[in-house]
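The next block holds one structure in the form of structure tokens; read it before the comments.
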Amino acid sequence: MNEITLILISYKSEKIIYNFIKKIPSKIKTIIVENSQNHELKKSIEQNYKNISVYIKENNGVSSALNFAVEKIETKYFLQISPDIEINFENLEIFLNYAKKLDDRFAALGPRFLNVKEKSHKQIDEKLESGKIDSIHGSCMFINKENFEKIGKFDENFFLYFEETEYCYRAKKNGYIAYQINDIKAKSIGRSVETNNNEEKKLNNILIWHFIWSKYYFSKKKRGKLLSLTIFIPLLLRMNLRIFLYKILKDDISLEKYKYRLNGLISSMRGKNSNLRPHN
């Protein structure tokens, strides 16, 4: 296990982080990038876990935090994993064995997720041992650091969502393929950000904003601006129609959701930075 460093990105995730790191074997080096300026978390973890280093960083998004963490690692491989993911750490040996089987010629390796909807993330046939896949789920990615540096870092214009999709797409263009390994199982146990009831709706709307922003931005990188506009303008028109209907129906919850979605799409179309999202 001395060839792998775990990378965790944390933002207001103190309880979830503590629950996760209890399961990490002490022989595995781990880096946590804390984006919420929680200096007490850093102090507490580093005092009690000698294998874990915590870095406090301004919250510029997931891609920025991941790139920052990769610069800190000294091992050949890293596993980017969200703290809300359940995985058997003994299975990391399978990642290592598969990497060697491929002569380290791969973009990323990922597990089979047991509770991810097919619509949101396509997976290979569960009967297969492993197989090529367009993109690895961003919450659990095993990567060779040297390959990562050759392919190029995560695009920091992605604050949330699609950073792994764009990375795998760019890697494939350069001859590096992503693989899913079905012998390794993972499961998401919930959101990695802790919120109370009042914050939940606000967070959901922010996530909606980032998702559509990143979806258009990725499309523009993949297909070009003109083709992306032909795909997304009808969606924009449908959003405006829904907003009009929700105003008539006085459905304030749906109205606010679609206003965020529309704002995110327009911001991305105009080339505005993903950091410039609305703040409640």
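The values are calculated or read from the model by the stated rules, or taken from the named source; none is laboratory data. Please read these numbers as outputs of a predicted model, since none were measured by experiment. As a convention, Cβ positions derive from the backbone with ideal geometry for all residues, glycine included, and neighbour counts pool all protein chains shown.
Within the stretch 21-63, count every residue that is under 18 Å from the mean Cα position of the chain (by Cα) and either surrounded by fewer than 14 Cβ atoms within 10 Å (Cβ to Cβ) or of a type in the set (S, T, N, Q) (or both).
7
Could you tell me which residue of the stretch 165-223 is surrounded by the fewest Cβ atoms within 10 Å (Cβ to Cβ), considering only residues that are of a type in the set (Ser, Thr, Tyr) and at pLDDT below 95?
By that ranking, first place goes to THR195.
So for the stretch 103-111 (the condition being aliphatic (A, V, I, L, M), within 21 Å of GLY175 (Cβ to Cβ), in contact (Cβ under 8 Å) with a residue 12 or more places away in the chain and outside any strand (DSSP E or B)), does at least one residue qualify?
yes
Can you confirm whether VAL116 is of a type in the set (Val, Ile, Thr), within 25 Å of TRP209 (Cα to Cα) and in contact (Cβ under 8 Å) with a residue 24 or more places away in the chain?
Yes; evaluated as a whole, the condition is true for this residue.
Among the candidates SER135, SER139, single out the residue that is over 17 Å from ILE7 (Cβ atoms), modelled with pLDDT under 95, in the same structural domain as SER26 (by TED's automatic domain parsing) and buried (at least 16 other Cβ atoms within 10 Å of the Cβ). Write out each step before concluding.
On the way: SER139 fails: over 17 Å from ILE7 (Cβ atoms).
Just a single option satisfies the conditions, and that option is SER135.
In the stretch 28-60, which residues are of a type in the set (D, E, K, R) and either in contact with a Ser or Thr (Cβ under 6 Å, 6 or more places away or on another chain) or closer than 24 Å to LEU96 by Cα (or both)?
LYS29, GLU34, LYS50
Among the candidates LEU66, LEU6, LEU92, LEU79, single out the residue that is within 20 Å of the chain's Cα centre (by Cα) and at pLDDT below 95.
Criteria check complete, one pass: LEU92.
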